[in-house]
Each structure stands twice: as structure tokens, then as C-alpha cells.
Amino acid sequence: MRFAEPNMLFFLIAPALAVVFFILGIFIRRRLLRRFGTGPVAEAQLRRPSPYLRAAKAILLVVGLSLLVLATARPQYGGRIQMLKKRGVDIVVALDFSKSMLAQDVRPNRLERAKLELSGFIEQLTGDRIGLVAFAGDTMRFPLTSDYTAATTFWKDLTPYDMPVGGTAIGKALNAASDMLFDNREDDPVEKTLKNRSKVIILLTDGEDHLGTPVEVSEEIAKEGVTIFTVGIGSDSPELIPRYLDDGTTVGYQRDANGEYITTSLTAENEDVLKQIATNTGGRYFRAGHDLSGLRAVVDEIRNMKQSEVEARQTILYDEVFQWFLIPAALLLLLAFLLPDRRSRERGAK
């Protein structure tokens, strides 16, 4: 047994005070009666109420009031745990398609290994929606969907040479991902039911940014309640970037305008940027490693996020039993009101 409104129990002081005043009234009445004398003549003139009836009436009144107070405190009984409907998470994966992702410090190269790991990640989703952003200097998008097969095929054959603009613009990718998360049609009833889901951006990149201010962008995204997990791909030592023909044949390595080989690495400065992006939104940064184990850690983080949401949506339901107290209270108070102060024989003698 519990009470939904325990503060109402304070009013139990009223029946207690009624008992005190009733007892006090008995002593005061007896003291006053002594002034009129004693004996049969005085008793007949005073026609005192029956002490038994008065006591019964007082008991009915006190118990009735007590039960009435207990009823207003909303007594509840039992208690069963109910799991509210489990909600998924809206996830947008932003994958770097700049040419530096062709470096082979992760086998077969950074980009292909990231695609492979992302396919495994998407296969583990349950009840979540996934959107994809391929970015270099500009972005290509695949909207939020629960069709995981379609999402997986979006960038299956996509390469850095298919991107409309070269370079790396992490800030632009984050903005594109955020826009997808909040691109809900207000007149669509399905979209309305999904708008309150947790929202996550997973950014996979080697950290090189040439065209924006991604840290400032993440600060704005944080205001929308979006969590960003960042995954840094690559080693901290300089790596050459292969060149490919249309048929996939390797033809040496990338060079700059001066003919010098271009190298790429996940530098400490790049990692600091990725860490700051994640920290600004309450997310975490992960180093991918040679086997992209960092992406698997992100999967665990999202699972924990979903579990926390489920636990927060557990509720305990109780049965309301105020009527157990209210009905007897009403009957007792009615009986107290109808019960006479004197026996019927005494009333007839009047």
C-alpha cells in the first residue's frame, strides 16, 4: 500500500483534534452540570444526552473523517512494471570521401575498410533510422530510412573520384547531417511520432579539414540536442595516397603541383579537433585503429544510449483503491449525522 498524495495525510490531525475536543467537552460539561445540583430532580430537568450514544456518534465521526482523509491521499495497491514502447535512435553517418581516405595504413584502405565496418554496424540496428552523408569538399546524401539494405548500397561503389568537389569540409558535412535529422514533415503523422527520438551523428574521417570551422559548427548542433561521435581513421605517421584509374588499377601516388608526393596522417592537431567536436555535444572521440575497433565502440555507446532511454521509459502502475476508504467514510459520516443524542424513550418523555 502506498499513497500518491502523502501530503494529504497531514490532515489526519483533524480527527485527532476532534477526539481531544470531545474528551475535553465531557469534562467541561460535567463541571457545568455540578452547578445545577445532583439527584433525580436535577437529572430529569437537564435531560442529558445518552453518554453511550454521544460516544458512538463521536467514534463514527472520527473514524469517518480519518477514512475521508486517507481517501483524498489516493491510496494505491500492488504495482506492476510496464515498459513503454521502445523508441529507436535517428543516426546519420558522415563518411569522409576525400582522396586522403585512399591511404593504405588501414587495409585495404581507409575508405573501403570504413565501408565494410559500417555495413556491419548497419546490420546490427534494430528500430533505428539511418541516414548517410558522403563528403569531401561538398556532400552527397541518403535520407533517413529503416531500409538498411538500401542504405548499405548507397555508397557501396562510391569513390572519392565521384565526389563533385575535392578537399575536405567537415563543417559542411556536420551541417548536412544535422539538416537531415531535423528534416521532418510536420504534416506527416508518421514523422510526428519520430521527431522526439534521440539524434546521433557519427563522423568518420582522417581529421584533415581544409574548408571550414567544424568546431564552431558542432557548438551550434549541440544546441539542438544532437550527440556527435567522432572516429579518427589512420595512423599518426605520414602515408602516401595512391592514384587509381577508372578500372581500379593503381598508377602511383598523389603528387602536388610541384611534383612532391602528398602524404596524410591522423595528426595530434586533427585528433584534438575531433575530440572537441564530440565533447561539445556530449559525445566521445574514438581512435579507429588498424581494425576500426573504434567504430565498434560507437555501436556500444549507441546501445547504452538506447538502454538508458528504455530504463527512463519504464513506469510502475498502481491500482487506485481510494474507494475502499471513501465509501466507508461516507457511510460512517451519514450514520453519525442520523444517530440521535438520546434514547427514544427519553425523547418521548419530553
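Values in this text are rule-based calculations from the coordinates and carry no lab data. Fair warning: this is a prediction, and the values are worked out from it, not measured in the lab. With ideal geometry, Cβ positions are generated from the backbone for all residues, glycine too; neighbour counts draw on all protein chains shown.
Remark on T281: its backbone amide H falls under 5 Å from those of I228, a criterion applied only to residues 5 or more positions apart or on other chains, H modelled at 1.01 Å from N. Per-residue Cβ neighbour counts within 10 Å put L65, L102 in the sequence L65, L102, beginning with the fewest. Scoring 112-119, 296-303, 170-177 by mean Cβ neighbours within 10 Å over their residues and listing the highest first yields 170-177, 112-119, 296-303.
Legend: Rg and Dmax of the range 211-266, from Cα coordinates, 17.2, 46 Å. Between G167 and K99, G137, the built amide H atoms are under 5 Å apart, and every one of these is 5 or more places off in sequence or on another chain.
Using every Cα-Cα pair within the range 89-312, state what percent have a distance larger than 30 Å. Percent of Cα pairs beyond 30 Å in the range 89-312: 20. For the range 221-237, 3J(HN,Hα) computed residue by residue from phi via the Karplus equation (6.51, -1.76, 1.60; θ = phi - 60°) reads 5, 4, 5, 8, x, 8, 9, 10, 9, 10, 10, x, 10, x, 9, 8, 9 Hz, glycine and proline entered as x.
Only counting other Cβ atoms within 10 Å, I'd like T168, T139 sorted with the fewest neighbours first.
Least to most surrounded, the residues fall as T139, T168.
If you take all other residues with their beta carbon under 12 Å from the beta carbon of K275, and give Lys and Arg +1 and Asp and Glu -1, the sum is -1.
Using amide H atoms built in the peptide plane, which far-off residues or other-chain residues are under 5 Å from V93 H to H? Close amide H contacts, sequence-distant or interchain: G131, L132, V133, I202.
A simple rule links phi to the HN-Hα coupling: the Karplus curve 6.51 cos²θ - 1.76 cosθ + 1.60 with θ = phi - 60°, which for the range 126-142 gives 9, x, 9, 10, 10, x, 10, 10, 9, 9, 9, x, 9, 10, 10, 10, 10 Hz, with x for Gly and Pro.
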